[in-house]
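Just below is one structure, and these are the notes that go with it.
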Amino acid sequence: MTGVPASAAGGSSQASAAQPAAAPVSQAPQPAPTEAPVQEPPTVGPVSVSAVAEVAASASAAGPQEAARPPRGAKLAAAAVNQASVWNIANFLTMLRLLLVPGFVALMLANGGYDPAWRSFAWAAFAIAMITDLFDGHLARTYDLVTDFGKIADPIADKAIMGAALICLSWLGDLPWWVTIVILGRELGITLLRFLVIRYGVIPASRGGKLKTLTQGIAVGMYVLALTGWLATLRFWVMGAAVVLTVATGFDYVRQAIVLRRQGIAERRAASEETRA
């Protein structure tokens, strides 16, 4: 009775026989190191392709705009070019006009200020200055030579040569002081007015203003020369026309400045209301 039951013996024998057979099953087959990554498709592959397609489509849609956008440093390079363009023919004429001012005064007051020969030389300097005033602005606008230096120096040179001539003529007694005060007061006042309303816009030069400048130049030039007879009478009437144009255009510039300021204030209010809305 000490024997083992057949069922027990069979179970143990089957278990012992099954153990060697189950051992290979429990061991997972090791995949080949090079074949598995190649055969398995990447799960993020389609997403990456679609993302790339979307990026390409957006880039092609915004292509012209992106191409038009200047690269980094382009503005600095453009500023450097503009800074280098200060040395151009228009600014050279403006600086020449500035240098002519002390030379004109010296010629005008030479030998007591009443020598016809020296007055003729002074007239030549004044005429050159007025001619360069006509050409430097035209050259700057035509050939895109407008610079910050020119914007500041050109009106200063204009007022300097005209003011020097008027003051010298009044100092020598050839021109009443009230004429000099009216003309210079108008010129300085309009220049100051332009700066006051520049944040609202620029007051353009009118035809009346250009005619005023031309008439002033002719009248002052005739007074610089030692004229006598009917030419001396003619210069009196030309100077009278210059004074009338000076005052009339001055009031016109004041009107333009008021209108420009009102328009600028109205536009700012409309923009602020749109922002609030």
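The values are calculated or read from the model by the stated rules, or taken from the named source; none is laboratory data. The structure displayed is predicted, hence computed values, not measured ones. Ideal geometry is used to build each Cβ from the backbone, glycine not excepted, and the neighbour counts take in all protein chains shown. Areas reflect the complete protein model, heavy atoms only, side chains present, ligands, DNA and RNA absent. Shrake-Rupley method; radii C 1.70, N 1.55, O 1.52, S 1.80 Å.
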All conditions in (1) on the phi > 0 side of the Ramachandran plot; (2) open to solvent by 40 Å² or more (accessible area, probe 1.4 Å); (3) in contact with a Gly (Cβ under 9 Å, 6 or more places away or on another chain) are true of residue 171 except (1)
Restricted to the range 194-229 and to residues being small (Gly, Ala, Ser) and open to solvent by 40 Å² or more (accessible area, probe 1.4 Å), the residue farthest from the chain's Cα centre (by Cα) is 229
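May I ask you to verify whether residue 121 is open to solvent by 40 Å² or more (accessible area, probe 1.4 Å) and under 25 Å from the mean Cα position of the chain (by Cα)? Spell out how you get there, then give the answer.
Working: open to solvent by 40 Å² or more (accessible area, probe 1.4 Å): yes; under 25 Å from the mean Cα position of the chain (by Cα): no.
It is false that residue 121 is open to solvent by 40 Å² or more (accessible area, probe 1.4 Å) and under 25 Å from the mean Cα position of the chain (by Cα).
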Here the qualifying pairs (Cβ atoms under 6 Å; residues six or more apart or on different chains; first in the range 101-126 and under 14 Å from residue 225 (Cα atoms); second in a loop (DSSP other than H, G, I, E, B) and open to solvent by less than 40 Å² (accessible area, probe 1.4 Å)) come out as 113/172
Would you confirm whether any residue within the range 258-273 is open to solvent by less than 30 Å² (accessible area, probe 1.4 Å), touching an Asp or Glu at 6+ places or on another chain (Cβ under 9 Å) and touching a residue at least 24 places away in the same chain (Cβ under 8 Å)? no
The correct count of residues that are open to solvent by 40 Å² or more (accessible area, probe 1.4 Å), closer than 30 Å to residue 109 by Cβ and aliphatic (A, V, I, L, M) in the range 125-156 is 5
> Quick check: anything in the range 230-238 over 20 Å from residue 158 (Cβ atoms), surrounded by 15 or more Cβ atoms within 10 Å (Cβ to Cβ) and in contact with a helix residue (DSSP H, G or I) (Cβ under 8 Å, 6 or more places away or on another chain)?
Replying inline: yes
The correct count of residues that are open to solvent by 40 Å² or more (accessible area, probe 1.4 Å) and aliphatic (A, V, I, L, M) in the range 239-257 is 6
